[in-house]
Amino acid sequence: MLTWMIDSLSRDGVSIWIDEDQALRLSGQETNLFILQDGQVGELLQTLETEAGNGSQPSIAVDVSLLNVTWQAPPHYKYRFRLRSYTRKVMRTPTLNIPEKGIIPVTESGFQIELPCKSDGFASFLIALKIIPPHRRHTPVIQLAQVLRKTCSMDGNNHTRL
């Protein structure tokens, strides 16, 4: 499932991306993978939409237990995350190293999403993000939601056990 609601004419300056190092591990591409770039749908969401349209669900490899994300926005943009595991026997609900709601930094700042495996198998989980501009009349709210899969193995290099 992939959903997003973004005014395609909005150029509000919100940018969210996965850095080059992790992009190489996730996609084989040594470039920033943009989720949003200046308020527009980035290449990562476009790729995920194409994969979903082809009937495949994106999967995160067993050796990736953290997603390293960088973001920045104009002043006073608020955010709210919603995270959920659909297969709690395999993976606990993902966690953030930042509060689930707050204000997006004006300067580039990183955060992490932990994907805590607890047994072998395939886990499905939701990452949803709502971005609220300071002046809602002029700039619409941005809503992103993505269901992803994660391969979990307790024999893998990077995992979390209860």
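Each value in this text was obtained by applying a stated rule to the coordinates, not by laboratory testing. Source: prediction; values computed, not measured. When we count neighbours, we look across all protein chains shown, and the Cβ atoms used for this are built from the backbone with ideal geometry, even at glycine.
Here are the numbers for the structure shown:
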{"item": "Distance between modelled label sites at residue 96 and residue 130, nm, 7 Å Cα→Cβ extension", "result": "1.2"}
{"item": "Calculated FRET value between residue 38 and residue 114, using beta carbons and R₀ = 41 Å, to 0.05", "result": "0.90"}
{"item": "Inter-label distance for residue 155 and residue 68, nm, one decimal - labels placed 7 Å from Cα along Cα-to-Cβ", "result": "2.8"}
{"item": "Under-5 Å amide H pairs with residue 31, H placed in peptide plane, nonlocal only", "result": "24"}
{"item": "Built amide H within the under 5 Å cut-off of residue 78, gap 5+", "result": "104, 132"}
{"item": "Segment 146-153 - phi-based ³J(HN,Hα) in whole Hz, Karplus 6.51/-1.76/1.60, Gly and Pro as x", "result": "9, 9, 10, 10, 10, 7, 10, 9"}
{"item": "For 14, 62, order by how many other beta-carbon atoms lie within 10 Å, fewest first", "result": "62, 14"}
{"item": "Range of Cα positions in segment 80-162 per principal axis (Å), largest first", "result": "50, 23, 16"}
{"item": "Relative exposure of 154, 91, judged by other C-beta atoms within 10 Å (fewest first)", "result": "154, 91"}
{"item": "Reduced Cα scattering model of segment 63-121, Debye log10 I(q)/I(0), q = 0.28 Å⁻¹", "result": "-1.17"}
